[in-house]
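Worksheet: the structure to be examined is printed underneath.
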Amino acid sequence: MAKNPYQKLKLLYLHQILLQKTDEEHKLSMDELLAALARHGIEAERKSIYSDIAALQDFGLDVVLQRGPGGGYYVASREFELPELKLLVDAIQCSRFITEKKSNELIKKIESLASEPQAHALQRQVYVSDRVKTINESIYYNIDTLHNAISEGVQITFQYFEWALDFSSPERIQKRYRKDGALYQVSPWALTWDDENYYMIAYDSASASIRHYRVDKMEHILLTGQKREGQRLFQNQFNLASYSRKVFGMFSGDEKNVRLQCENRFIGVIRDRFGADLMVQKLDEEHFAVNVTVAVSPQFFSWVFGLGGAVQIIAPAEVRAAFQQQLRNTLE
């Protein structure tokens, strides 16, 4: 048989065809494999396909031949199983910090890890109704830049904005830079995902404190080349998981040790929020008490309120009084 320019690519095309077209539910017979190669301009004999499949198996591709009616060749296992890909797709769809455009691009890439029939199943996965997505398309690259800054151990500068109303403008919801557009300069140490948003945790030398910033509200991030600060605080004292538990919805507040009285049936809620390392004290047959460290903020009070009285703030007195004042403000 005369050689053609595509003949050297036969093994590569066979590898691609098996990955794209086959899985446990979808198999290709020898005739179908030969036809698929022919569509790529490659004529092949059965004997050569047998040896090619053996070579792919030696290479590590899990190609299986099912004999009998409805049988054929198929890829039995992959780097990612279908349930794992479904989890990834669901996570992307539910992530508010990933824009709709970038979500579609990422899901398309995930689909390429499955066979074409499985990719169709991924497209039919659960969609979160009316999911609000960020409109900051640069967040994807912001995260990469921040990872680089953390890896290199340098400070960054950036502008930080919030959304504001301006009824005199055709576009009433407008971007407004904090500090009148002046640059922030901080030392980034970690990234965390909380309440459907990505946050950068950083040391602010101006205030000598730990701060956090929503990544989708950061713009014009630049690495300064200056060595980052706060090393003693972050390496010796800082616990990211503990920090995320204390700061509700990533809204800052004065950090306090708060004593809560809880109904016994809410132990799971308390554990999910504050972790497993809790000192629990029995109060009576139906209630327990627990001391937790939180950043006292309206968001913390909202969390307590949302539990419908099953969790109560019993100390300190000033936190309890502040919660009562927020309730009165809400009633008014």
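The values are calculated or read from the model by the stated rules, or taken from the named source; none is laboratory data. The structure displayed is predicted, hence computed values, not measured ones. Cβ: placed from backbone, ideal geometry, glycine included. Neighbour counts: every protein chain shown. Each accessible area value is taken on the protein alone, full model and side chains, heavy atoms only, with ligands, DNA and RNA left out. Shrake-Rupley method; radii C 1.70, N 1.55, O 1.52, S 1.80 Å.
Tabulated results
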| quantity | calculated |
| --- | --- |
| With DNA, RNA and ligands ignored, accessible area of Lys86 (1.4 Å probe; Å², nearest 10) | 60 Å² |
| Segment 13-74, accessible surface, carbon-and-sulfur percent (1.4 angstrom probe) | 49 percent |
| Cleavage-rule hits, chymotrypsin sites (Phe, Trp or Tyr not before Pro), segment 55-89, DSSP coil, Cβ neighbours within 10 Å at most 15 | Phe80 |
| Straight-distance crosslink candidates among aspartates and glutamates, where the alpha carbon sits under 15 Å from Lys47 and sequence neighbours closer than 8 are dropped | Asp31, Glu32 |
| Amide proton proximity set for Asp194, modelled H, under 5 Å, gap of 5+ | Tyr199 |
| Too-long pairs where the Cα-Cα distance tops 31 Å, listed order kept, from Lys10/Lys109; Lys179/Lys227; Lys86/Lys179; Lys109/Lys227 | Lys86/Lys179; Lys109/Lys227 |
| Accessible surface, per residue, of the chain when the full set of protein chains is kept, probe 1.4 Å, Å² | 60 Å² |
| Under 12 Å, Cβ to Cβ, from Thr22 - net charge with Lys/Arg +1 and Asp/Glu -1 | -3 |
| Under 23 Å from Lys256, Cα to Cα: lysines that are on another chain or at least 8 residues apart | Lys246, Lys282 |
| Those aspartates and glutamates that a straight Cα-Cα span of less than 18 Å connects to Lys27, excepting residues fewer than 8 apart in one chain | Asp52, Asp62, Glu81, Glu116 |
